[in-house]
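Here is the structure we will look at, set down as structure tokens.
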Amino acid sequence: MEKVIIIGTGCAGLTAAIYAARASFEPLVLEGREPGGQLSTTTLVENYPGFVDGIDGPMLIMNMKSQAQRFGARFQYSTVTGFEPKGDHVSLQLDGAEWLDTRTLIIASGASARWLGLPRERELCGHGLTSCATCDGAFYRNVPVAVVGGGDSACEEASFLTRFASKVYLIHRRDKLRASKIMADRALGNPKVEPIWNSAITEYLTDDQNEMRAVSLLDHATGKTRELEVKCVFVAIGHNPNTDPFRGKLDMDPDGYLLQTNGTYTNIPGVFAAGDVADRTYRQAITAAGQGCAAALDAEKYLAHFE
């Protein structure tokens, strides 16, 4: 019987691991299919406190992992495929095979950005392709950029990027936005924002340094393709919370985000949620780390009942 199992190795999971390890619980951390979470595909992180000149996302993750290991956290490359509450503990199935029992579980499996499904997307992340304007917008000052999407998130990111970019192209596959009226009016009313209707990106075009230089655009109305020069593409078509193993057992909102009560508690005793798996609003490294801390403290308080 494990005392603490943590799912995920982004900022939430690793912060939870540091706190749980320092409390002498020797947590087992399951790394899953995307070790390091979204930060592992980010280049420079400038908005995480304590790093005057910024820090590379993978380096930040490596440092946090090493810090957790120093206090006794254990790491295992496994993916959770099954989940069963057992009353005073829960059972997890790993990789469709073995089952592990744990007194407490911290779910910090994050949310994966939805991409366009085009070639080379993974390698271009951090090189002119991103899903976070707040994280990366400031790197693209006085250059044209594009935002893909038609909802509130896309409009919010387009409006935010006007602080930095010389031009923001808002690319949407339909002839009108599905965003709320106030968000749509704010974005379309900004002189720096130019909507491109009935269009879709069909290819990312890069320069000799493998940095984004343009995209190939298909106009659904005319069937014609043209090239649009941009230095970065911000994909804002939503996120998928990594909660599939818990469906039907843990309370979620309609989109699959875990619902928290009284801090990081879920509806099942001993199970806690932290970071982007439950946060559909902020989705920042620092807010995820704060929730990871809170989940570990909540788990410690819960475990005190068994001593």
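The values are calculated or read from the model by the stated rules, or taken from the named source; none is laboratory data. The structure presented is a predicted model; accordingly, all values stated were derived computationally and were not measured. In this analysis, Cβ positions are derived from the backbone assuming ideal geometry, glycine residues included, and neighbour counts consider all displayed protein chains. Heads up: the accessible areas ignore ligands, DNA and RNA and are worked out on the full protein's heavy atoms, side chains in. Shrake-Rupley method; radii C 1.70, N 1.55, O 1.52, S 1.80 Å.
Quick notes on this one:
- Amide H contacts of residue 6 (H built 1.01 Å from N, under 5 Å, at least 5 apart or other chain): 28, 29, 30, 106
- Long-range amide H partners of residue 147 with built H, under 5 Å: 169, 170, 171, 234
- Annotated for the chain: lysine pairs at least 8 residues apart or interchain, Cα distance under 13 Å, count 4.
- Accessible surface, per residue, of the stretch 212-307 when the full set of protein chains is kept, probe 1.4 Å, Å²: 48
- Applying 0.36 nm per residue to the separation of residue 44 and residue 121 and subtracting their alpha-carbon distance, the gain on full extension is 25.9 nm.
- DSSP-loop trypsin sites (Lys or Arg not before Pro) across the stretch 143-239, with at most 13 other Cβ within 10 angstrom: 163, 174, 176, 178, 224
- In order through the stretch 220-234: 3J(HN,Hα) via Karplus (6.51 cos²θ - 1.76 cosθ + 1.60), integer Hz, x for Gly, Pro: 5, 6, 9, x, 8, 10, 9, 9, 10, 7, 9, 9, 7, 10, 9
- In sequence order, calculated HN-Hα J values of the stretch 83-99 (Karplus, 6.51, -1.76, 1.60; Hz; x Gly/Pro): 8, 9, x, 10, x, 9, 7, 10, 10, 10, 9, 10, 6, x, 10, 5, 10
- Part-to-part distance (alpha-carbon centres) for the stretch 158-174 and the stretch 239-275, which is given in Å: 33
- Take the chain and mark each of the chymotrypsin sites (Phe, Trp or Tyr not before Pro) that is in a DSSP loop with at most 16 other Cβ atoms within 10 Å; the longest unmarked stretch, sites excluded, is 198-281.
- The mean accessible area for residues of the stretch 127-166, using a 1.4 Å probe and ignoring ligands and nucleic acids, is 35 Å² per residue.
- A straight chain from residue 280 to residue 56 at 0.36 nm per residue would run longer than the Cα-Cα distance by 78.2 nm.
- Apportionment of accessible area to carbon and sulfur, the chain, percent (1.4 Å): 48
- Free-standing Cys, the chain [no other Cys Cβ under 4.7 Å]: 11, 125, 155, 232, 293
- Our coupling estimate for the stretch 266-271, obtained by passing each phi through the Karplus curve with A = 6.51, B = -1.76, C = 1.60 and θ = phi - 60°, is 9, 6, 10, x, x, 10 Hz, Gly and Pro reported as x.
- Extending 7 Å from Cα along the Cβ direction at residue 224 and again at residue 142 yields two label points whose distance is 3.3 nm.
- Between the Cα long axis of helix 285-303 and the first principal axis of the chain there is an angle of about 20°, rounded to the nearest 10.
- Per residue value of the accessible surface for the stretch 38-110 (all protein chains in place, 1.4 Å probe), Å²: 50
- Global geometry of the stretch 22-84, whether rounded, prolate or oblate, following the gyration tensor of its Cα atoms and the 1.5 cut on a/c: oblate
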